[in-house]
Amino acid sequence: MTIADVEGGELQPLKAALKDALQSQPTEPEVSQVRFKTLQGKLNLILPLEPKTQREFGQHQSSPKAEQEEVTKLIQMFGNAEQTASNSDQGLMALTWTEILTQLEQRVSASGNEWKPRTQVYLQAGDRLLDSRQLQEISESLQNHQLLLHSVVTNRRQTAINAASMGLCVEQGTVFRELFGFNPIPNALIDDPLYIKMTVRSGVEIRHSGSIIVFGDVNAGAELISEGDIIVCGKLKGMAHAGSRGNAQSIVLASHLDATQIRIASLIARVESPSTYFSPEVAFVSQQGTPVIQIVQVVDYYSRNKS
């Protein structure tokens with residue numbers, strides 16, 4: 001079977017389509033620039049990719065074997081021939097942080113009154129490592145135009161930690177394909193635990209594709225959403241959703257469990273009578289009879305699983 005692409009109503013070999021797309025792309029793809037994009041009612045601020053990631057898109061070889069490997073790689077990376085990167089020998093030019101801030105200011109200024117005052121902005125940082133100072137500079141630049149930095153979506157744990165420490169909502173391990181037109185980090189490791197050493201304040205939402213481990217309290221009004229387990233070495237008073245993609249084997253464990261709501265996979269429970277003494281507890285899905293979330297002391301939980 002020959003893989004083909006439909007273009008202008010005719011079947012065209014995908015290899016040729018990719019070649020044509022590579023030759024027709026501009027020298028500065030949008031992914032190398034700061035840009036805004038509204039998706040599902042949310043205003044997203046997209047930062048350029050890191051130089052290492054950009055260079056992967058700019059390298060093209062001419063031998064038959066290398067060409068075939070490149071075609072395969074492009075199929076996997078892009079999924080759409082029209083969204084492949086430039087075939088420039090120099091690859092994409094990396095922007096300095098000062099240039100990124102300058103572009104951000106230009107983009108916001110050029111928008112005029114397109115966005116309402118106090119519109120929340122979702123920063124799509126991808127694989128870029130951002131420290132607290134850089135996040136603060138982005139926030140201040142947006143505030144100068146009455147926009148609010150609300151959430152940071154990142155593949156980097158340290159960026160997630162820095163954002164959470166500023167009271168920003170965090171989502172780690174997700175880069176919207178709809179925003180970029182392709183997945184810029186196809187092999188990113190996103191399943192390692194996210195460690196947070198701080199108090200998670202009210203209004204902060206943290207999402208992660210692996211487990212979330214908090215060394216501190218989670219205040220009421222805060223939300224933890226994890227595809228794996230949630231472990232809080234402190235008081236859990238906010239909402240915790242473990243196994244968010246359907247993993248009913250996940251658990252929620254806290255030194256003091258007083259959550260407003262606990263979710264595991266599709267099940268929901270509330271802590272109606274929290275412990276009056278400091279005793280670690282764990283919420284899990286009981287497999288005896290109808291699946292239901294149970295909350296027991298940690299020692300009892302492990303004794304059950306040993307028997």
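The values are calculated or read from the model by the stated rules, or taken from the named source; none is laboratory data. None of the values given here were measured: they were computed from a predicted structure. Note that we place each Cβ from the backbone using ideal geometry, even for glycine, and neighbour counts take in every protein chain shown.
Could you tell me whether Arg107 is of a type in the set (Lys, Arg), at pLDDT 85 or above and assigned by TED's automatic domain parsing to the domain that holds Leu168? Explain how you work it out, then say what you get.
Numbers: of a type in the set (Lys, Arg): yes; at pLDDT 85 or above: yes; assigned by TED's automatic domain parsing to the domain that holds Leu168: yes.
Spelling it out, Arg107 is indeed of a type in the set (Lys, Arg), at pLDDT 85 or above and assigned by TED's automatic domain parsing to the domain that holds Leu168.
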Among the listed residues Arg263, Arg201, Arg207, Arg270, which satisfies the condition of being in contact with a strand residue (DSSP E or B) (Cβ under 8 Å, 6 or more places away or on another chain), under 27 Å from Leu149 (Cα atoms) and not assigned by TED's automatic domain parsing to the domain that holds Val170?
Arg207
How about the range 104-161: which of its residues are within 21 Å of the chain's Cα centre (by Cα), among the basic types (Lys, Arg) and surrounded by fewer than 17 Cβ atoms within 10 Å (Cβ to Cβ)?
Arg133
Test set (1) over 22 Å from Val299 (Cα atoms); (2) at pLDDT below 95 - Met239 fails condition number:
(2)
Taking the criterion of being at pLDDT below 95, touching a helix residue (DSSP H, G or I) at 6+ places or on another chain (Cβ under 9 Å), in a loop (DSSP other than H, G, I, E, B) and not assigned by TED's automatic domain parsing to the domain that holds Ile161, would at least one residue in the range 243-257 satisfy it?
yes
Of the residues in the range 258-284, those that are at pLDDT 90 or above, surrounded by fewer than 21 Cβ atoms within 10 Å (Cβ to Cβ) and farther than 14 Å from Val218 by Cβ come to Ala265, Ser266, Leu267, Ile268, Ala269, Val282
